[in-house]
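Participant: Take a look at the following structure, please.
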Amino acid sequence: MLYRKFTAIALTLVVAVLSGCRNHSSRLRIGVTPGPAEEILASIAPELARDGVELQIVPFTDYVQPNLALAGKDLDANLYQNIPFLSQFNRDHSTNFVPVAKVYVPLMGIYPGRTKSLAGLHDGAQVSLPNDPVNQSRALYLLQTAGLISLRKGLGNQATLADVIYGPHPLKLVELDASQLPRSRQDVDLAVINANFALDAGLNPNRDAVLHESLDSVYVNVLVTNSSQQSDPRIVKLGESLRSTTAKSFIAGHYNGAIVPAT
C-alpha cells in the first residue's frame, strides 16, 4: 500500500537526518499519533535540518499520552489535536498549552460496517464513535448531519450522549477509544472514525465513507507547545515550515482529499 510504503521511507529519512546531526541542542522532540502528522513532519525534516533544527518524531497510539508527555517536558511540542480538544484538555488538566500553527484538517467520516449504507440501517443498529469528549461531540454532529440523530440546540461543540434525541429508528451508540474504531467495523453497523486512524487502516473518507465532514471543518489540527516554549526559535521555525508551500503541497498531493491543508 502506497500509504504504508511512504511511512516507512519517511521515517527512515528522519532517522538518517537525526543520525547525521551533532548539535543536540537543536533537537526537537515532537509527539504524534499514527499517520499524517508523522508523515508531514518527515516531509519537512530535511529542510529544517539544513536550517539547524533536527526533529525526533515520537509516536503515540492514543489522544492523551502526547499531551501528558508535553506537560512532563518529555516533548517539546506535539501535532495531532484540534483547538476544541486542546481547550478541553487545558481545562481538565490545568495545563497551559498553546497552538503555534494551524496545519491540516483530517476529515472525520462515517464508515460502513455490517450495514453498507445509511438507508440500510435498522432499529437498534449499532454505531461506534470516539469516547473522548471533543471527538465524540464531533461525531455526534456528523451523525446529525447524516439525519440519524438530532441534538439539543445551543450546545456549541459540547454535545454528549445525553444530548441525543433519537428519531423513529433509534440507534445504539457504542463508545470506544478512537484507535479501536477501524477494527470495530466488523462488530457494528457503522463506525465514525477520525481520518488518521482511518488512513492507518487503509480507509479514505472520500472513497470509503458513507458521509464525511465538509472541507470547512473547524477541527483543524495544530502544532502545540507549552506556553513557556512558544517563543523558542526552533518551535517558531517548525511552525513556519508546517505552514510552508512545501508542507501544503505535500498534504494536498498525498492524501486524496482525506487530509487538507489548513487555510
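Quick note: the coordinates plus some simple rules give every number you see, no bench work behind them. As the structure is a computational prediction, the values presented were derived from the model and not from experiment. Virtual Cβ from ideal backbone geometry, glycine too; neighbours counted across all protein chains shown.
Participant: From the phi angles alone, apply the Karplus equation (6.51, -1.76, 1.60; θ = phi - 60°) to the stretch 151-160 and give each ³J(HN,Hα) in whole Hz, x where the residue is Gly or Pro.
Facilitator: 10, 4, 6, x, 8, x, 10, 10, 5, 10
Participant: Based on DSSP H runs of at least 4 residues, each adding -39500 (n - 2.57), what is the mean residue ellipticity at 222 nm of the chain after dividing by all its residues, to the nearest 500 deg cm²/dmol? Spell out each step's value before the answer.
Facilitator: Details: 10 runs with 98 residues, N = 263.
Rounded to the nearest 500, the figure is -11000 deg cm²/dmol.
Participant: Given R₀ = 51 Å, FRET efficiency for residue 158-residue 249 by Cβ-Cβ distance, to 0.05?
Facilitator: Numbers: r = 36 Å, r/R0 = 0.70.
E between residue 158 and residue 249, to the nearest 0.05, is 0.90.
Participant: At a Förster distance of 30 Å, what's the computed FRET efficiency of residue 174 paired with residue 94, Cβ-Cβ distance as r, to 0.05? Walk me through the numbers on the way to the answer.
Facilitator: Values: r = 31 Å, r/R0 = 1.03.
According to the calculation, E is roughly 0.45.
Participant: Next up: Can you give me the angle between helix 133-145 and the longest principal axis of the chain, using Cα atoms only, in degrees from 0 to 90, rounded to the nearest 10?
Facilitator: So the inclination is approximately 50 degrees.
Participant: Treat each spin label as a single point 7 Å out from the Cα along the C-beta direction, and report the residue 62 to residue 215 distance in nm.
Facilitator: Here the answer is 3.6 nm between the modelled labels.
Participant: Please list the non-local residues whose amide H lies under 5 Å from the amide H of residue 29, H modeled 1.01 Å from N, same-chain partners needing a gap of 5 or more.
Facilitator: So residue 29 has HN proximity to 56, 76, 77.
Participant: Taking Cα extents along the principal axes in Å as the quantity of interest, determine which of (i) 52, 40, 34; (ii) 67, 42, 34; (iii) 64, 41, 28 was computed from the displayed structure.
Facilitator: Comparing each candidate, only (iii) matches the computed number.
Participant: Same structure again: Could you pull out every one of the lysines with an alpha carbon less than 18 Å from that of residue 102, ignoring same-chain neighbours closer than 8 positions?
Facilitator: The qualifying lysines are 237, 248.
Participant: Further question: How much of the DSSP beta bridge set in the stretch 109-212 is antiparallel, as a percent to the nearest 5? Kindly include the intermediate steps, with their values, before the conclusion.
Facilitator: Working: 9 of 16 bridges.
Restricted to the stretch 109-212, the bridges split so that about 55 percent are antiparallel.
Participant: Rounded to the nearest 0.05, what FRET efficiency do residue 186 and residue 118 give with R0 = 22 Å and r taken as the Cβ-Cβ distance? Could you check?
Facilitator: Efficiency at R0 = 22 Å is approximately 0.70.
Participant: Measure out, as a whole number of angstrom, how far apart the alpha-carbon centroids of the stretch 163-196 and the stretch 29-90 sit.
Facilitator: 27 Å
Participant: Taking a ≥ b ≥ c as the square roots of the eigenvalues of the Cα gyration tensor of the stretch 36-80, is the shape rounded (a/c under 1.5), prolate (a/b larger than b/c) or oblate?
Facilitator: Details: a/c = 3.57, a/b = 1.67, b/c = 2.14.
The shape class here is oblate.
Participant: Working out 0.36 nm times the residue gap between residue 206 and residue 231, then minus their Cα-Cα distance, what length gain in nm do you get to one decimal?
Facilitator: On the way: separation 25, 0.36 × 25 = 9.00 nm, distance 3.78 nm.
Gain on stretching residue 206 to residue 231: 5.2 nm.
Participant: What number does the stretch 109-212 give for Rg over Rh if you use C-alpha atoms and the Kirkwood radius? Walk me through the numbers on the way to the answer.
Facilitator: Details: Rg = 12.5 Å, Rh = 13.4 Å.
For the stretch 109-212, the value is 0.93.
Participant: To continue, here is another question. Taking only Cα atoms, what is the 0 to 90° angle, nearest 10, from helix 36-50's long axis to the longest principal axis of the chain?
Facilitator: 10 degrees
Participant: Can you list residues from other chains, or at least 5 along the same chain, whose modelled amide H is less than 5 Å from the amide H of residue 104?
Facilitator: When sequence neighbours closer than 5 places are left aside, the close amide H contacts are 221, 262.
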